[in-house]
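K.L.:
Got a structure here, written out as structure tokens. Questions coming.
The values are calculated or read from the model by the stated rules, or taken from the named source; none is laboratory data. Being a predicted model, the structure only gives us computed values, none of them experimental. For neighbour counting, all protein chains shown are included, and Cβ atoms are generated from backbone atoms with ideal geometry for every residue, glycine included. Just so you know, the surface numbers come from the protein's heavy atoms only, side chains and all, with ligands and any DNA or RNA stripped out. Shrake-Rupley method; radii C 1.70, N 1.55, O 1.52, S 1.80 Å.
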Amino acid sequence: MSSLTDARSTEQYRRALELLPGGVNSPVRAMRAIGRNPLFIARGEGAELIDVDGNRLIDYVCSWGPLIHGHAHPAVLAAIADAAAKGTSFGAPTPGETDLAYEVTRRFESVEMLRMTSSGTEASMTAIRLARAATGREHVLKFAGSYHGHVDGLLAQAGSGLATQSLPASPGVPQSAAAATVLASWNDLDALDAACERFELAAILAEPLPANMGLVPPREGFLEALRERAGQTGALLVLDEVISGFRVARGGAQERSGVGADLTIMGKVLGGGLPAAALGGRTELMRMLAPAGDVYQAGTLSGNPLAVAAGLATLELLDEPAYARLSASTERLADGLRDAAAEAERPVQIVSAPGLLTVFFSERPVGDFAAAQACDLDAYARWCRELLSRGVYPPPSQFETWFPSLAHAPEQIDRTVEAAAAAFAAMREVASGARA
Ligand SMILES: Cc1ncc(COP(=O)(O)O)c(C=O)c1O
């Protein structure tokens, strides 16, 4: 009989609710989408989380992507400790920042210079400001279901029609901020063309491997079309590799697809579990940023020495054999989950790329946000609760991606698949019980 004791988490949650809105510092952590309270974490070890009640869970969130080597990797901890012993922040340049920039330029062919920030949101904001400054235009095209941080203008939802100016997706976002965002459906060439015809775009902004509506890869030729339309219309192609960068290959989704960006947004793995993100691109564009140029951007903790050290240690471990291992273990997980679902006659779509995976509760392949939204969200929620009670910690939303890491051993992946099979079976029992 599987179980999850959560008395201490419940107590912590009660306390947090009094002091933090919704009891958390970022909404998805609250686990509302799967209909339960959050687990409070005491520590992490490799691929596993240990919560405050002592439950040990195989972690597929991994801090939402940064922890590609799992929790508390000794080399990353040593690099942080070493840096911390010398001082935590100077507000002045350090050699590590240039070392990290050099490492990134070696991995991303399209990146010649880098500006570091503390979060992906800031890097997105800067990318848009720079694209507008470089083109003298205002409109930015983004795709429904993609996420680029909580930037006002990018918290936009669809208006009516094929490719439209957007409406604010949150109270507090001014109409004017959303109106400069043009929204199109992912993988939809007609919508892309309509947007390019109707608006003078400063930027076409895309996750080259979208992972914020679940994992929805581009259809054949779609990224190439983005590159081509950007070139034809004078827009900049801004690729957001905050999730895919350093994960799906050394040089991210750009290396895998061969489609290079004018500007690249990076984060997560780049900071090795500490707050670091960056914007990168060609020299002539990047030199528009202050103080080399007049496009203003700044940050008290940008290029923080601890984050830089964690990032460098993380990237140092990411050689070709590491990517081959990550790819193999993700496939092992995907194959196992596929078999488990088939055995339980549960119609799901399992989509994966190295270090990324989504189980869509859908009978049909998912190619855009509308299809992701049409998934059986209640079934996904139920399955996640069953997984938690069997020692597996999945992303608590159908629209978030699983992050298997290099710390996930074959034995842990096989245990995950066993738990998933049992979870599918438990759902079938309840469904047939309800029919009886
Ligand atoms: C693709 C993408 N871009 C940007 C961001 C924003 O990054 P941050 O949360 O560091 O602000 C995220 C966050 O999940 C993301 O997934």
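K.L.:
Against the condition surrounded by 21 or more Cβ atoms within 10 Å (Cβ to Cβ) and farther than 28 Å from Gln412 by Cβ, how does Gly281 come out, does it pass? Write out each step before concluding.
P.N.:
Working: surrounded by 21 or more Cβ atoms within 10 Å (Cβ to Cβ): yes; farther than 28 Å from Gln412 by Cβ: yes.
Judged against the criteria, Gly281 is a match.
K.L.:
Continuing with the same structure: Return the residues of the range 404-419 that are in contact with a strand residue (DSSP E or B) (Cβ under 7 Å, 6 or more places away or on another chain) and surrounded by 19 or more Cβ atoms within 10 Å (Cβ to Cβ); say none if nothing qualifies. Working first, answer last.
P.N.:
Of the residues in the range 404-419, the ones in contact with a strand residue (DSSP E or B) (Cβ under 7 Å, 6 or more places away or on another chain) are 404, 407, 412, 415-416, 419.
Correct list: Pro404, Ala407, Gln412, Thr416, Ala419.
K.L.:
Quick one: how many residues across the range 85-101 are open to solvent by 80 Å² or more (accessible area, probe 1.4 Å) and under 21 Å from Gly293 (Cα atoms)? Break it down into steps so the answer makes sense when it comes.
P.N.:
First pass over the range 85-101, keeping only residues open to solvent by 80 Å² or more (accessible area, probe 1.4 Å): 85-86, 88, 90, 93, 95, 98-99.
With the extra rule that they be under 21 Å from Gly293 (Cα atoms), the set shrinks to 93, 98.
Number of matching residues: 2.
K.L.:
Check the range 305-319 and report whether any residue there is crowded, with 20+ Cβ neighbours inside 10 Å, within 21 Å of the chain's Cα centre (by Cα) and under 30 Å from Val366 (Cβ atoms).
P.N.:
Yes - at least one qualifying residue is present in the range 305-319.
K.L.:
May I ask you to verify whether Ala298 is within 13 Å of the ligand (Cβ to nearest atom) and more than 22 Å from Phe222 (Cα to Cα)?
P.N.:
No.
K.L.:
Is one or more of the residues making up the range 360-369 open to solvent by 50 Å² or more (accessible area, probe 1.4 Å), in a loop (DSSP other than H, G, I, E, B), in contact (Cβ under 8 Å) with a residue 12 or more places away in the chain and not charged (D, E, K, R)?
P.N.:
Yes: one or more hits.
K.L.:
Would you mention how many residues in the range 230-261 are more than 13 Å from the ligand (Cβ to nearest atom), open to solvent by 10 Å² or more (accessible area, probe 1.4 Å) and either touching a Gly at 6+ places or on another chain (Cβ under 6 Å) or assigned to a helix (DSSP H, G or I) (or both)?
P.N.:
7
K.L.:
Can you tell me which residue within the range 265-277, out of those that are within 11 Å of the ligand (Cβ to nearest atom) and buried (at least 21 other Cβ atoms within 10 Å of the Cβ), is farthest from Gly65 (Cα to Cα)? Before you say what the answer is, go through the steps one by one.
P.N.:
Going through the range 265-277, the residues within 11 Å of the ligand (Cβ to nearest atom) turn out to be 265-268, 270-271, 275-277.
Still in the running and buried (at least 21 other Cβ atoms within 10 Å of the Cβ): 265-268, 270-271, 276-277.
On the way: Ile265: 15, Met266: 12, Gly267: 9, Lys268: 6, Leu270: 10, Gly271: 10, Ala276: 13, Ala277: 12 Å.
Among residues in the range 265-277 that are within 11 Å of the ligand (Cβ to nearest atom) and buried (at least 21 other Cβ atoms within 10 Å of the Cβ), the one farthest from Gly65 (Cα to Cα) is Ile265.
K.L.:
Something else about it: Looking only at the range 58-83, which residues are away from the ligand (no atom under 16 Å from the Cβ), among the small types (Gly, Ala, Ser) and open to solvent by 40 Å² or more (accessible area, probe 1.4 Å)? Break it down into steps so the answer makes sense when it comes.
P.N.:
In the first step, residues of the range 58-83 are kept if they are away from the ligand (no atom under 16 Å from the Cβ); the result is 58-59, 69-83.
Narrowing the set further to residues that are among the small types (Gly, Ala, Ser) leaves 70, 72, 75, 78-79, 81, 83.
Across the range 58-83, the qualifying residues are Ala72, Ala75, Ala78, Ala81.
K.L.:
Okay, next question. Any residue in the range 142-159 that's modelled with pLDDT of 95 or more and among the charged types (D, E, K, R): show its pairings with residues that are open to solvent by less than 10 Å² (accessible area, probe 1.4 Å) and part of a loop (DSSP other than H, G, I, E, B) at Cβ separation under 9 Å, as long as the two are six or more apart or on different chains.
P.N.:
What qualifies is Lys142/His148; Lys142/Ser166.
K.L.:
Using the structure shown, decide if Ala278 is assigned to a strand (DSSP E or B) and under 30 Å from Ala72 (Cβ atoms).
P.N.:
Details: assigned to a strand (DSSP E or B): yes; under 30 Å from Ala72 (Cβ atoms): yes.
Taking the combined requirement at face value, the residue satisfies it.
K.L.:
Restricted to the range 120-157, and to residues that are touching a Gly at 6+ places or on another chain (Cβ under 7 Å) and among the small types (Gly, Ala, Ser), which residue is farthest from the ligand (Cβ to nearest atom)?
P.N.:
Ala123
K.L.:
Sort through Val430, Val359 and tell me the only one that's β-branched (Val, Ile, Thr) and more than 27 Å from Glu241 (Cα to Cα).
P.N.:
Exactly one of Val430, Val359 is β-branched (Val, Ile, Thr) and more than 27 Å from Glu241 (Cα to Cα), namely Val430.
K.L.:
Can I ask one more? Can you give me the number of residues within the range 341-359 that are assigned to a loop (DSSP other than H, G, I, E, B) and open to solvent by less than 20 Å² (accessible area, probe 1.4 Å)?
P.N.:
Going residue by residue through the range 341-359, those that are assigned to a loop (DSSP other than H, G, I, E, B) are 344-348, 354-355.
Still in the list and also open to solvent by less than 20 Å² (accessible area, probe 1.4 Å): 344, 354-355.
Qualifying residue count, the range 341-359: 3.
K.L.:
Which ones in the range 374-392 are open to solvent by 40 Å² or more (accessible area, probe 1.4 Å), without any contact (Cβ under 8 Å) to a residue 40 or more places away in the chain and outside any loop (DSSP other than H, G, I, E, B)? Before you say what the answer is, go through the steps one by one.
P.N.:
Just the residues of the range 374-392 that are open to solvent by 40 Å² or more (accessible area, probe 1.4 Å), to begin with: 374, 376-378, 382, 385, 390.
Checking which are without any contact (Cβ under 8 Å) to a residue 40 or more places away in the chain leaves us with 374, 376, 378.
Of everything in the range 374-392, just one residue is open to solvent by 40 Å² or more (accessible area, probe 1.4 Å), without any contact (Cβ under 8 Å) to a residue 40 or more places away in the chain and outside any loop (DSSP other than H, G, I, E, B), namely Asp378.
K.L.:
If you go through the range 207-215 one residue at a time, do you hit one that is more than 30 Å from Trp402 (Cβ to Cβ), touching a residue at least 12 places away in the same chain (Cβ under 8 Å) and not in a strand (DSSP E or B)? So that I can check it myself, show each step before the final result.
P.N.:
Going residue by residue through the range 207-215, those that are more than 30 Å from Trp402 (Cβ to Cβ) are none.
Checking the range 207-215: not a single residue is more than 30 Å from Trp402 (Cβ to Cβ), touching a residue at least 12 places away in the same chain (Cβ under 8 Å) and not in a strand (DSSP E or B).
K.L.:
Same structure, new question: In the range 170-183, which residue that is small (Gly, Ala, Ser) and within 17 Å of Ile128 (Cα to Cα) is most open to solvent (accessible area, probe 1.4 Å)?
P.N.:
Applying the first criterion (small (Gly, Ala, Ser)) to the range 170-183 yields 170, 172, 176-180.
Filter again for within 17 Å of Ile128 (Cα to Cα), leaving 176-180.
Working: Ser176: 89, Ala177: 26, Ala178: 0, Ala179: 35, Ala180: 15 Å².
Filtering the range 170-183 for residues that are small (Gly, Ala, Ser) and within 17 Å of Ile128 (Cα to Cα), the one most open to solvent (accessible area, probe 1.4 Å) comes out as Ser176.
K.L.:
For the range 19-56, give me each residue that is within 16 Å of the ligand (Cβ to nearest atom) and open to solvent by less than 30 Å² (accessible area, probe 1.4 Å). Can you show your working first?
P.N.:
At the first step, the residues of the range 19-56 found to be within 16 Å of the ligand (Cβ to nearest atom) are 24-30, 33.
Scanning the range 19-56 gives Val24, Ala30.
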